[in-house]
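One structure below.
The values are calculated or read from the model by the stated rules, or taken from the named source; none is laboratory data. Because the structure is predicted, anything quoted here is derived from the model rather than measured. Virtual Cβ from ideal backbone geometry, glycine too; neighbours counted across all protein chains shown.
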Amino acid sequence: MPKPISQKKTYSIDNLPKEKFDLLDEYIGGISDKEGSLIHILHKAQELFTFLPMEVQLHIARKVDIPASKVFGVASFYSYFTSNPVGKHTISVCMGTACFVRGSNKIFDKLKELLEVESGETTKDKLFTLKDVRCVGACGLAPIIMVDDKVYGRVKLEDVEGIVKNYKDGE
Amino acid sequence: MSVKSLEELRKLREEAKGKLTMRKDGEGDYIELMVGMATCGIAAGARTTLSTLLDEIQNKNIENVKIVQVGCLGYCHSEPIVQINEPGKEPVIYGNVDEKRAREIINKHIINHELIDDAIIIETYKKP
Amino acid sequence: MDTVRSHIMVCGGTGCISSDSDKLITLFKEKLSSAGYDKEVKVISTGCFGFCGQGPIVKIHPDNVFYVQVKLDDVAEIVEEHIIKGRVVNRLLYEEPFYKRKIQSTSKMDFYKKQYRIALRNCGVINPEEIEEYIAFDGYEALGKVLIEMSPKDVSNILKDAGLRGRGGGGFPTGLKWEYTAKSPGNEKYIICNADEGDPGAFMDRSVLEGDPHSIIEAMAIGGYSTGANTGIVYIRAEYPLAIKRLNIAINQAREFGFLGKDIFGSGFDFDISVKLGAGAFVCGEETALIHSVEGKRGEPTKKPPFPSEMGYLGKPTTVNNVETFANVCPIILKGSEWFSSIGTETSKGTKVFALAGNVNNVGLVEVPMGTTLREIIYDIGGGIVGGKAFKAVQTGGPSGGVITADDLDTPIDYESLKNIGSMMGSGGMIIMDETSCMVNIAKFYLDFSQDESCGKCTPCRVGVKRMYEILERITEGEGTSEDLEKLELLANMIKLSSLCGLGQTAPNPVLSTLNYFYDEYKEHVENHYCRAGECKSLIKYSIDANNCIGCTACARVCPVNCITGKPKEVHIIDQSKCISCGACFDACKFDAVIKP
């Protein structure tokens, strides 16, 4: 599942909330082996900022005292990290083998059509980000889609529209 | 608390084990006490019977007994009913098991292997 | 009197939680307390029962009654009928797919009958968040025995005699691995548990960590003692939040009881464990890549030798074992090597956990002795193919493995036999496919995975696998040539021989194996532009069977490009030049009149 071109570019954003940086600094300050814990720091940063814009990556590089290229190298290597802003809800379609065999690719296509986005992109109204993800390990319920942390199992093609609508109406 | 020897660990295990006997799945190695817990049983005090049996088992540290609640056993006139299934033996059914008799069942029947004659409803009964 | 008479065990594995089992627990507690039974009946969240396709699962002790697909609405009935009146709720029992019989206890279900649980022994039996329950089931006895009665060498010897081999896929003898690290010079050594389960479709490691985390902690401490390591690291996927939580709880409890920390069991041996998170990279299943990731770097592999047992984490001797491998250690120490080696085949001892998924009736985690045949797993335990369709193939070994056809269903499974038929054990994913799965498409699926997960360090894997993927893409779109088939095979063999690490070396396997067993299907795609499974969209041409069409107009109404014409009550016709093969008419027709070639 290749990342779209847009995601390979690191997103830049001003005016990130200072209190989040403070929280991040506090977390980094509590670690003794900072460089060895780079992945943990990135996890924390993504938890705080929901994604990893350039400013955050640079900030981490300064705090940990390593080149920014190294931070970017690690952040871009792992599929869990994203340097693009995400929508209010993230819809993840499981692309594990069990789900694939039970038709998750068709569900994914349907979602792409419905939301008018490609994998990894966010809808124009900033409501949804669509992602394909690796096996979430609930193969018994295949095929699976997740909206944020809520898992929908044994999804049928005709259910998709209703699930999306539910979240749209909730706005 | 810090465990510093196998003896300490084993002591801890014995304590913890007592609470989990009921999770053993094996059939045949356990004496099964069935308590009738249908509406009539409950009305006659089967809940007290059940907890008394459990209490007595724990007090006497008996490990090979499992207490199961079941539906109506069909002897509504003598509720609460307790049926004892011992591996390789014919089941025995006791009637009118109140708190006192429940303790008696554990102490006489289970520990000393003697039947409590005046409480038996029916002695021989083929398991289906 | 506060005597507990019954335990309600509710599955708290990720699969069942996805269908609201956590809410079941809360509701059970509420209902019990309003009925006044909360003191005598305990509700316990336990690990995965393995029968995930039937979840959420609720098991009631001591009656040994197993309820499946329990919904929130069923809770009141279970409490009122089963708990209060002692009557089993028949409606919620498992029904055999074939005989349609309701079954009450697990020991009578085909799904469980042929299983033999060593690694999963405590899953679904204990509360993973209570160390006392683990201790009650012989927990930490093996660690005590090892530290007090055995030498480090005795430990690796007993594993060698038992014949335990790595369960992550490689199958390297575990005892030997431990011995190598022990022999490496230096007094700073590490032991790492690989819980970065990356094979799409395998989830046994997650289930063990969620259902029995102490067994991994205990085994890691034993491994630390045997190899001379005082530090253990669990490298776990960030996508497994529940497993991470339970593991951390367990580590803290183990510290509290003195099973981790200084001077364990008064033996003078110190050992502690930390948890490191992965961030989604399949290549990190490779030992050397994993070690780099633990160090906080990009997870790229390096050449072996030097092996991690000589130069691993921070350049120090390191042992890396998989979760399931660790889960086998304590029973071997307690029951002896002879017991373990009596199970299994000549070369592969013990059991293996498989994640059964795909088009099979009983989806779930199963643990069987090595040497069990695929037929037994799929038909006896798995309950056969969904909807009684024809079995086509089973895929094992994930992106590194291959397909096995009906001809080899009676092969007893072990490391060697699977290799001989062109697949591999892998971590234990087992995907069952029926006639509706296209083998070219499956090969493409795995290659898509591998080309995306390639770390990019070596050319054969980075470029080669991508080229193979492109060829497969062409074939599934009906633009492949016979030359492409030759090129595919040539590339596959080249990549196998020249890639740096296991990922590249095994990435072509799904293609080679499908080419071998399903060459006809590839040929049909290329020569006749025909996909017999009807999965490759570009190759499907729908048409209408004039004998079956009653002219209901359902197809014409759903067609997005208006290419179906016909009057009501007359036979309809599809204009092939406009048709985009979306399949909407096929789904809409109730009379089987729309046909795929």
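Some values worked out for this structure:
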{"item": "Region A:152-165: number of residues that are surrounded by 12 or more Cβ atoms within 10 Å (Cβ to Cβ) and under 16 Å from A:Thr129 (Cα atoms)", "result": "4"}
{"item": "Qualifying positions in region C:385-414 - in contact (Cβ under 8 Å) with a residue 60 or more places away in the chain and surrounded by fewer than 20 Cβ atoms within 10 Å (Cβ to Cβ)", "result": "C:Thr405, C:Pro412"}
{"item": "Where B:Asp98 falls short, out of the listed (1) touching a strand residue (DSSP E or B) at 6+ places or on another chain (Cβ under 7 Å); (2) over 29 Å from C:Asn90 (Cα atoms); (3) not hydroxyl-bearing (Ser, Thr, Tyr)", "result": "(1)"}
{"item": "Pair list, Cβ < 7 Å and 6+ apart or interchain, from region C:38-54 residues that are on the phi < 0 side of the Ramachandran plot to residues that are among the hydroxyl-bearing types (Ser, Thr, Tyr) and surrounded by fewer than 20 Cβ atoms within 10 Å (Cβ to Cβ)", "result": "C:Glu40/C:Thr3"}
{"item": "Restricting region A:42-77 to residues that are more than 11 Å from the chain's Cα centre (by Cα) and assigned to a loop (DSSP other than H, G, I, E, B), the residue that is nearest to the other protein chains (Cβ to nearest Cβ)", "result": "A:Ile66"}
{"item": "Qualifying strands (runs of 3 or more DSSP E) (wholly inside region C:370-440; at least 3 residues being within 14 Å of chain A (Cβ to nearest Cβ) and modelled with pLDDT of 90 or more)", "result": "C:391-396, C:429-434"}
{"item": "Selection from region A:106-127 of residues that are surrounded by fewer than 19 Cβ atoms within 10 Å (Cβ to Cβ) and out of contact with any helix residue (DSSP H, G or I) (no Cβ under 8 Å at 6 or more places or on another chain)", "result": "A:Asp109, A:Lys112, A:Glu113, A:Glu116, A:Lys124, A:Asp125, A:Lys126"}
{"item": "Pick from region A:78-100, criterion of a type in the set (Ser, Thr, Tyr) and assigned to a loop (DSSP other than H, G, I, E, B), ranking: modelled with the lowest pLDDT", "result": "A:Ser83"}
{"item": "Flag if C:Arg167 is away from chain B (no Cβ under 14 Å), under 30 Å from C:Asn362 (Cα atoms), touching a Ser or Thr at 6+ places or on another chain (Cβ under 6 Å) and not β-branched (Val, Ile, Thr)", "result": "yes"}
{"item": "Residues within region C:267-314 that are more than 14 Å from chain A (Cβ to nearest Cβ) and aliphatic (A, V, I, L, M), tallied", "result": "2"}
{"item": "Residue check for C:Glu295: out of contact with any Gly (no Cβ under 7 Å at 6 or more places or on another chain) and over 23 Å from C:Phe449 (Cα atoms)", "result": "no"}
{"item": "Number of the exception - A:Gly140 against (1) within 14 Å of chain C (Cβ to nearest Cβ); (2) farther than 20 Å from C:Pro241 by Cβ", "result": "(2)"}
{"item": "Unique match (being out of contact with any helix residue (DSSP H, G or I) (no Cβ under 7 Å at 6 or more places or on another chain), part of a loop (DSSP other than H, G, I, E, B) and modelled with pLDDT of 85 or more) among C:Glu570, C:Glu527", "result": "C:Glu570"}
{"item": "Region C:238-266, residues that are in contact (Cβ under 8 Å) with a residue 40 or more places away in the chain, within 11 Å of another protein chain (Cβ to nearest Cβ) and within 24 Å of the chain's Cα centre (by Cα)", "result": "C:Ala238, C:Glu239, C:Tyr240, C:Leu242, C:Ala243"}
{"item": "A:Val133, sole failed condition from (1) surrounded by fewer than 24 Cβ atoms within 10 Å (Cβ to Cβ); (2) more than 13 Å from chain C (Cβ to nearest Cβ); (3) not acidic (Asp, Glu)", "result": "(2)"}
{"item": "Options C:Lys160, C:Lys177, C:Lys153: the member that is assigned to a helix (DSSP H, G or I), more than 11 Å from every other protein chain (Cβ to nearest Cβ), within 22 Å of C:Pro317 (Cα to Cα) and more than 29 Å from the chain's Cα centre (by Cα)", "result": "C:Lys153"}
{"item": "Exclusive hit being part of a loop (DSSP other than H, G, I, E, B), touching a helix residue (DSSP H, G or I) at 6+ places or on another chain (Cβ under 9 Å) and surrounded by 20 or more Cβ atoms within 10 Å (Cβ to Cβ), set C:Leu500, C:Leu488", "result": "C:Leu500"}
{"item": "Enumerated helices (runs of 4 or more DSSP H) restricted to region B:1-119, each holding at least 2 residues that are more than 13 Å from chain C (Cβ to nearest Cβ) and modelled with pLDDT of 85 or more", "result": "B:99-104"}
{"item": "Criterion (without any contact (Cβ under 8 Å) to a residue 60 or more places away in the chain, aromatic (Phe, Trp, Tyr) and within 16 Å of C:Asn441 (Cβ to Cβ)) met by exactly one of C:Tyr519, C:Tyr530, C:Tyr542", "result": "C:Tyr519"}
{"item": "Residue in region C:122-135 that is crowded, with 19+ Cβ neighbours inside 10 Å, at pLDDT 90 or above, in contact with a His (Cβ under 6 Å, 6 or more places away or on another chain) and within 14 Å of chain B (Cβ to nearest Cβ) present", "result": "yes"}
{"item": "Check on C:Val10, closer than 20 Å to C:Arg117 by Cα and more than 10 Å from every other protein chain (Cβ to nearest Cβ)", "result": "yes"}
